[in-house]
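The values are calculated or read from the model by the stated rules, or taken from the named source; none is laboratory data. All values derive from a computational prediction rather than experimental measurement. When we count neighbours, we look across all protein chains shown, and the Cβ atoms used for this are built from the backbone with ideal geometry, even at glycine. Each accessible area value is taken on the protein alone, full model and side chains, heavy atoms only, with ligands, DNA and RNA left out. Shrake-Rupley method; radii C 1.70, N 1.55, O 1.52, S 1.80 Å.
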Amino acid sequence: YQRRVRGPLLVPMGSTPADFPPLANSEPKAGFGNLEILNECAARPLMADQLGSLGTPASGTITPNALDNGGFEKGIEEAEVKSENQDRDGTVKSSIFNLISTVIGGGVLSLPYTCHRAGLIMSPIILAVVASMSAYSAMLLLSCARRVTKKKRGDSVNRSAESYEDVVLAAFGERAKFALTVMVLVLTYLAMIAYFILLADLLVPIMILIFKSSVGWVCSSSNKEKRAMVIMLCAALVVPPSLLKDISALRYTSLLSMLSISLLGIGVLIQSSTSDFGDKAPDWINAGTVQLIDDVKYMPSEISGVLESVSIMACAFMCHFNVLPLHRGLADPTRKRLKGMIYVTILSVWTFYAMISVFGYLEFRKTICDNLLKNYDHTKFSFILVGQLGLSGTLLLSMPLLT
């Protein structure tokens, strides 16, 4: 009687608590003492047709799950799900905000150039194909994670895979997991370097324009010193949110990141409309020396333009390394909610990308640069500088998602 059995404790009819001494070397816990359990069991005597598997009362045989009929296993499953969901407080909206902040980066500045290379019609189509592939692969990753279970040390329940590495470990083993970890580390490390360089490119012109008449250091220092100052300041701002344990805690910064990047879209749209979408040159350009007005290129003239556009768009929807951490923190992660999270994210990002690509290309057409901001004047204030500042905020707020 001192061994632990699975299922309800069954005792022969007519037994009393005095027939069952407490377990050796055990102290009864509040509300769960041995005598209390036996009293409860004795208060519910077994029916005659339930004693077949118990043996005779004299034998004292205990058969686990004699009365269970599958209910105990169902209860265990429900308890595991409930225990696993205790730490899940993320919502679909917050997960969408985090994913959009992960996806959108400095690469958006190169998308108008793809319209020049692949054409105004073909470029959004290629972008839609890449978006569909990214959404499908993200759903595949989530489906694999839901089929892989792991048990944390000291945990009593099995949990679904919590990271990209867990899925790869289950599918290909330890070596593949190590290789994937190295690849993700290199990817995020190089992305952080690119973000810091781009932040310096975006913020130094704004800093010069704002502080050139009030701060003497801005005028006297070299461009290298200005860039170093901007990078160190950005690094100091990124560290605190990067130390947060749960990615869902960044939902507020992700919302702010979305609002910031929307400034860039509004700026591009306003600047494009002021030039009648490319039908006239901006005031700061000598239209006699720079030919801006040109026929719109709808389809690619050569295959190399399509291939170059594909290479630029290939990583435009990269968010897979954050999909599983968000799944881990999402409350009630049903398939329907996960699909909504992925599809709304990809569709929203595609819409924003298409708007930037089309309106940015229409304004400059064949003179479009591979970096859209190089086409604008930075010597005086304009709404595009506000959009440039918004993109800087988006990059700054997206960095913790890479860590």
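Hey, among the residues in the range 353-371 that are β-branched (Val, Ile, Thr) and at pLDDT below 90, which one's most open to solvent (accessible area, probe 1.4 Å)?
If we take residues in the range 353-371 being β-branched (Val, Ile, Thr) and at pLDDT below 90, then Thr367 is most open to solvent (accessible area, probe 1.4 Å).
Is it the case that some residue within the range 310-326 is touching a residue at least 40 places away in the same chain (Cβ under 8 Å), farther than 25 Å from Ser262 by Cα and buried (at least 21 other Cβ atoms within 10 Å of the Cβ)?
Among the residues of the range 310-326, at least one is touching a residue at least 40 places away in the same chain (Cβ under 8 Å), farther than 25 Å from Ser262 by Cα and buried (at least 21 other Cβ atoms within 10 Å of the Cβ), which makes the answer yes.
Assuming Ile384 fulfils every condition listed in (1) within 25 Å of Ser272 (Cα to Cα); (2) not in a helix (DSSP H, G or I) apart from one, which condition is it?
Every condition holds for Ile384 apart from (2).
Among the residues of the range 214-235, is there at least one that is modelled with pLDDT under 75, of a type in the set (Val, Ile, Thr), farther than 30 Å from His327 by Cβ and open to solvent by less than 70 Å² (accessible area, probe 1.4 Å)? So that I can check it myself, show each step before the final result.
Of the residues in the range 214-235, the ones modelled with pLDDT under 75 are 214-220.
Right, trim to of a type in the set (Val, Ile, Thr) and you get 215, 218.
Next cut, farther than 30 Å from His327 by Cβ only: 215, 218.
Remaining after also requiring open to solvent by less than 70 Å² (accessible area, probe 1.4 Å): 215, 218.
Yes, that holds for at least one residue.
Please work out which residue is nearest to Tyr252 (Cα to Cα), limiting yourself to the range 95-111 and to residues that are of a type outside the set (A, V, I, L, M, F, W, C) and crowded, with 23+ Cβ neighbours inside 10 Å.
It comes out as Asn98.
Considering Leu203, Leu264, which residue is in contact with a Cys (Cβ under 9 Å, 6 or more places away or on another chain), open to solvent by less than 60 Å² (accessible area, probe 1.4 Å), at pLDDT 80 or above and not small (Gly, Ala, Ser)?
None of the others qualify; the one that does is Leu203.
Taking Asp377 as meeting all but one of (1) open to solvent by less than 40 Å² (accessible area, probe 1.4 Å); (2) touching a helix residue (DSSP H, G or I) at 6+ places or on another chain (Cβ under 6 Å); (3) of a type outside the set (Val, Ile, Thr), write down the number of the exception.
Condition not satisfied by Asp377: (2).
Val92 versus (1) among the β-branched types (Val, Ile, Thr); (2) closer than 14 Å to Ile356 by Cα; (3) open to solvent by 30 Å² or more (accessible area, probe 1.4 Å): which is the lone unmet condition?
Of the numbered conditions (1) among the β-branched types (Val, Ile, Thr); (2) closer than 14 Å to Ile356 by Cα; (3) open to solvent by 30 Å² or more (accessible area, probe 1.4 Å), the odd one out for Val92 is (2).
Take the range 386-403 and flag every residue that is over 15 Å from the mean Cα position of the chain (by Cα) and either open to solvent by 10 Å² or more (accessible area, probe 1.4 Å) or among the basic types (Lys, Arg) (or both).
Passing the criteria: Val386, Leu389, Gly393, Leu396.
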